[in-house]
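Have a look at the structure below, then the notes.
The values are calculated or read from the model by the stated rules, or taken from the named source; none is laboratory data. The shown structure was predicted, so the numbers you read here are calculated from the model rather than taken from an experiment. We place every Cβ from the backbone using ideal geometry, glycine too, and count neighbours over all the protein chains shown. The protein model used for the area step is the full one, side chains on, heavy atoms only, and it has no ligands, DNA or RNA in it. Shrake-Rupley method; radii C 1.70, N 1.55, O 1.52, S 1.80 Å.
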Amino acid sequence: MKAKLGLGGGCHWCTEAIFLSLKGVLQVDQGFIKSVNSMDFSEAVLLEYDTAKIGLRDLIEIHLYTHKSTSDHSFRDKYRSAVYTFTSSDFSASQEIIRSLQRNFEGNLITQVKEFAEFKPSKERFHNYYFTNPKRPFCTMYIVPKLTLLVQRYSKLVDSEKVASSISPKATLT
């Protein structure tokens, strides 16, 4: 079954690359998301995924580990740490998943669960930012370390055809 989820926390270029690298993620759109009862948009990605291949818990856990989910830094208006849900059941499940994962983090998770309201795509020239040119300085400095962590920690969920040639040989795919 197909489902949708929005994720925000860091730069949407990074987040897009991470989730495009996963089996079961069918589509990733980068841009800006606004939640219900909010006036502000924040950088985020919108995912469509196959629930038979990857679960909500896996997506949220990967999201928490691949951005500064415990850091309440000064750019949080632009880079809100959030999970944007489309159904009330996903809203409740996401809150529970974050609560249960808290024990794995030293600091308090600041990631909020919010109801999705609206999406605005980023400029087309930024779409698929990493995979169109992984040698860009931004990519090698910020995205490659996150993909390396993804491969080392979640190799069973990674689409090795997409990622293997673009990351450090120290990262292993199984």
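Put a dot 7 Å past each Cα toward the Cβ at Gln27 and Asn128; how far apart are the dots in nm?
1.5
Remind me, relative contact order of the stretch 77-136 in percent, using alpha carbon pairs under 8 angstrom and six or more residues apart?
41
Normalising by the residue count of the stretch 1-90, find the relative contact order in percent from Cα pairs under 8 Å and 6+ residues apart.
Reported as a whole number, the value is 41 percent.
Quick check: the angle from helix 56-65's long axis to the longest principal axis of the chain, C-alpha only, nearest 10 degrees?
Once rounded, one gets 70 degrees.
What nm value, rounded to one decimal, do you get for the distance between Asn108 and Ser89 when each label is placed 7 Å out toward the C-beta?
The two pseudo-label positions are separated by 3.2 nm.
Could you give me the percent of Cα pairs per 10 Å distance bin for the stretch 110-164, shortest bin first, beginning at zero and ending with the bin that holds the maximum distance?
19, 34, 38, 9
Using a 1.4 Å probe, how large is the accessible area of Asp90, given in Å² and rounded to the nearest 10?
Asp90 exposes around 30 Å² with every protein chain in place.
Suppose the chain between Ala117 and Met141 were pulled fully straight at 0.36 nm per residue; how much longer would it get relative to their current alpha carbon spacing?
5.4 nm
Between Lys78 and Lys2, what is 0.36 nm times their sequence separation minus the Cα-Cα distance? Round to one decimal in nm. Walk me through the intermediate numbers first.
On the way: separation 76, 0.36 × 76 = 27.36 nm, distance 2.85 nm.
Length gained, Lys78 through Lys2: 24.5 nm.
I'd like the accessible area for Ser74, computed on protein heavy atoms only with a 1.4 Å probe and all protein chains in place. Round to 10 Å², please.
110
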